[in-house]
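S.K.: Next up is a structure, given as structure tokens.
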Amino acid sequence: MNHLIGRRHLLRSLAAGSMLVPGMLSELLADSARAKADPLSPKQTHFPAKAKRVIFIFSNGGVSHMDSFDFKPKLFAADGKTMGIGGGLSNQQKVLLKPLWQFKPGGQCGTLVSDLFPHVRERMDDICLIKSMKSDDNEHYQATLAIHTGSFFFSRPSIGSWVSYGLGTMNQNMPSFMVLAQQLPYAGTQVYANDFLPAYHQGVRVVPGATPIADLDRRTPQAAVQQAELSFAQGLNRRHAASRGDDQELAARIRTFETAFHMQTEAREAFDVSSETRETMDMYGHKPDQPAGFAWKCLVARRLAERGVRFIELIDGSSSDNWDQHGNMADHASHAKAIDQPIAGLLKDLKQRGMLEDTLVVWTTEFGRTPGVDGDKGRGHHSACFSSWMAGGGVKGGTSYGSTDELGATVAENRVHVHDFHATILHLLGIDHTRLTYRHGGRDYRLTDVAGNVVKDIIA
């Protein structure tokens, strides 16, 4: 007789029929009840929140602010002229390059947006445009790391992980933080990493296409048998955990097993957009024969938001195919076309469903681009100023905040540093950014490091 019985076979045999199971499970459940409460259970906010969830859209590569959301008429007039420009480049003479797209007013508010984003322009009444963003590094990796983690040079937890840590999840059957990305941007997996926070706060990556999450199908066709297996294994795990104190890695494994089981039904349904009406799909510009497009990401983001996922990130562009147009600014057009209608459709859909009021939609890039020519007909990296926007979730729609100088080279008024940006997002979620801390390596860390001020003027 072979005494080397596999663990799975043993669990299945016990779960299927052993007379010992009821008593053993009862004892194990008692141990489980004495264990810690679910670390992802919803947590109390520091003060009343305006937003319950975040949809964070990141356009990778550095979107040109003066070609998209920051109208600079003098830059049109100065095309081809050579002059010194600010933003850390005051000692350099640059040949100026006019924007390639015309600007028109959007919505009832009349905010000027270029022809790169005609669909988003129609939704400006819902958007608060921030034209005075400021980063501290001109390199993609560091700036991308910072807009996600608040740190320019060291690995730190992503903003999505911090929100998961601070608020927990509204749906125990789904992860609290999910990332929709075909390919990874600069900084790679660090944009959704938990770093020193407990592992169950790491973002779960979803890859648009036929199999958004690998290995989601059940290996055992009988759900009841699988549930019994899991319950028995989890009981043993929790008993083990109770004897080991604060073992975060073990706690993460236990929580992950539970979430994975429930995702087999709920996540699969969330990713299946076939139940959406043709009208809704058209609103996003989604084509059923293009399941990996940005429209699918935006449509699924709304479906995940409906199902209680706390933080959803959509990544636009990779480290090799993105908005980094040094050679020819005209290449911005194809990138904008891919995301313009889907983002506008998302905003419209959320508003129609009454969800925009408590869903904070954020769009940003890592930095802007230079007013002067870089390469043949392109623009260089520019951290001195750039544009981002927020919609819904308690911000003042139909407004713009801050400004840059007449060429778009430096912030002229109301600077919003990356730390201020993060502090404001947390504030809208009911979190005081100075109180959301985690003890690691002998000190308390936070998303905003030792800086950051809430931009109160953009809050409704």
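Quick note: the coordinates plus some simple rules give every number you see, no bench work behind them. All of these numbers come straight from a predicted model, not from anything done at the bench. Cβ: placed from backbone, ideal geometry, glycine included. Neighbour counts: every protein chain shown.
S.K.: Which of rounded, prolate, oblate describes the range 386-425, given a ≥ b ≥ c as roots of the alpha-carbon gyration tensor eigenvalues and a/c under 1.5 marking rounded, otherwise prolate only if a/b is larger than b/c? Don't skip to the end; give the middle numbers.
M.R.: Details: a/c = 2.75, a/b = 1.57, b/c = 1.75.
Since a/c reaches 1.5 but b/c is at least a/b, the shape of the range 386-425 is classed as oblate.
S.K.: What do you get when you divide the Cα radius of gyration of the range 300-340 by 2.2 N^0.38 Å, with N the number of residues?
M.R.: Output field value: 1.57.
S.K.: With viscosity set to 0.890 mPa s at 25 °C, what whole-number translational diffusion coefficient in µm²/s follows for the range 67-187 from Stokes-Einstein and a Kirkwood radius over Cα pairs? Intermediate values should be presented prior to the final figure.
M.R.: Values: Rh = 18.1 Å.
Estimated via Stokes-Einstein, D reaches 136 µm²/s.
S.K.: How much length is gained if the chain between Ile459 and Thr211 is pulled fully straight, taking 0.36 nm per residue apart and subtracting their Cα-Cα distance, in nm to one decimal?
M.R.: Working: separation 248, 0.36 × 248 = 89.28 nm, distance 3.91 nm.
Result: 85.4 nm gained on full extension.
S.K.: I've got another one for you. Using label points projected 7 Å from each Cα along Cα→Cβ, tell me how many nm separate Phe47 and Gln108, to one decimal.
M.R.: Using points 7 Å along Cα→Cβ, the separation is 2.9 nm.
S.K.: From the phi angles alone, apply the Karplus equation (6.51, -1.76, 1.60; θ = phi - 60°) to the range 396-409 and give each ³J(HN,Hα) in whole Hz, x where the residue is Gly or Pro.
M.R.: Taking θ as phi minus 60°, the curve returns 7, x, x, 10, 10, 9, x, 7, 10, 5, 5, 10, x, 9 Hz for the range 396-409.
S.K.: Then there's this: Would you grab the residues whose amide H sits under 5 Å from the one on Gly430? Only those 5+ places off in sequence or on another chain, please, with H modelled 1.01 Å from N.
M.R.: Excluding prolines and chain starts, which carry no amide H, the hits are Lys50, Ala51.
S.K.: Now for a different question. Hey, what's the Kirkwood Rh for the range 168-213 if you take every pair of different alpha carbons, in angstrom? Kindly include the intermediate steps, with their values, before the conclusion.
M.R.: Numbers: mean 1/r = 0.0862 Å⁻¹.
Roughly 11.6 Å, rounded to one decimal.
S.K.: Kindly provide the Kirkwood hydrodynamic radius of the range 328-383 in Å, to one decimal, from all pairs of distinct alpha carbon atoms.
M.R.: Numbers: mean 1/r = 0.0731 Å⁻¹.
So the Kirkwood estimate lands at 13.7 Å.
S.K.: Largest first, please: the extent of the C-alpha atoms of the range 329-460 along each principal axis, to the nearest Å.
M.R.: Sorted from largest, the Cα extents of the range 329-460 read 49, 42, 29 Å.
S.K.: Between Asn414 and Ala338, what FRET efficiency comes out of the Förster formula 1/(1 + (r/R0)^6) with R0 = 30 Å and r the beta carbon distance, rounded to 0.05? Could you put the intermediate results ahead of the total?
M.R.: Numbers: r = 31 Å, r/R0 = 1.03.
Rounded to the nearest 0.05, the efficiency is 0.45.
S.K.: Given points 7 Å out from each Cα along the Cα-Cβ axis, report the Thr434 to Glu406 separation in nanometres with one decimal.
M.R.: Here the answer is 4.0 nm between the modelled labels.
S.K.: Sticking with this structure for a sec: In Å, the Kirkwood hydrodynamic radius of the range 123-179 over pairs of distinct alpha carbons? Please report the intermediate quantities before stating the final value.
M.R.: Numbers: mean 1/r = 0.0729 Å⁻¹.
Evaluated over the range 123-179, this radius sits at 13.7 Å.
S.K.: What ranking of Cys128, Cys298, Cys109 emerges when the number of other C-beta atoms within 10 Å of each C-beta is taken as an exposure proxy, fewest first?
M.R.: Numbers: Cys128 24, Cys298 29, Cys109 15.
Ranked by crowding around the Cβ, least crowded first: Cys109, Cys128, Cys298.
S.K.: In whole angstrom, how long is each semi-axis of the equivalent ellipsoid of the range 126-222, when you take the square root of 5 times every eigenvalue of its Cα gyration tensor and sort them from largest down?
M.R.: Details: eigenvalues 161, 50, 44 Å².
Semi-axis lengths for the range 126-222 are 28, 16, 15 Å.
S.K.: Fewest to most neighbouring Cβ within 10 Å: what's the order for Met83, Met355? Mind showing how you got there, number by number?
M.R.: Details: Met83 13, Met355 19.
Listed from fewest to most nearby Cβ atoms, that is Met83, Met355.
S.K.: Rounded to the nearest 0.05, what FRET efficiency is calculated for Asp449 and Arg278 with R0 set to 35 Å and r the Cβ-Cβ distance? Don't skip to the answer; put the middle values down first.
M.R.: Working: r = 48 Å, r/R0 = 1.36.
Efficiency computed from Cβ-Cβ geometry: 0.15.
S.K.: Restricting things to alpha carbons, find the Rg to Rh ratio for the range 287-401 using the Kirkwood radius for Rh.
M.R.: On the way: Rg = 16.1 Å, Rh = 15.9 Å.
Result: Rg/Rh = 1.01.
S.K.: At 0.36 nm per residue, minus the direct Cα-Cα distance, what do Arg268 and Thr82 gain on full extension? Give it in nm, one decimal, please. Walk me through the intermediate numbers first.
M.R.: Values: separation 186, 0.36 × 186 = 66.96 nm, distance 5.63 nm.
In short, 61.3 nm is gained.
S.K.: Where in the range 337-409 are there trypsin sites (Lys or Arg not before Pro) that are in a DSSP coil and have at most 15 other Cβ atoms within 10 angstrom of their Cβ? Walk me through the numbers before you get to the answer.
M.R.: Working: sites: Lys337, Lys348, Lys351, Arg353, Arg369, Lys377, Arg379, Lys396; in loops: Arg353, Lys396.
Passing sites in the range 337-409 are Arg353, Lys396.
S.K.: Taking θ as phi - 60°, what are the ³J(HN,Hα) couplings along the range 180-195 by the Karplus curve (6.51, -1.76, 1.60), each to the nearest whole Hz, with x for Gly and Pro?
M.R.: So the J values, rounded to whole Hz, are 9, 8, 5, 10, 8, x, 4, 6, x, 5, 5, 5, 10, 7, 8, 6.
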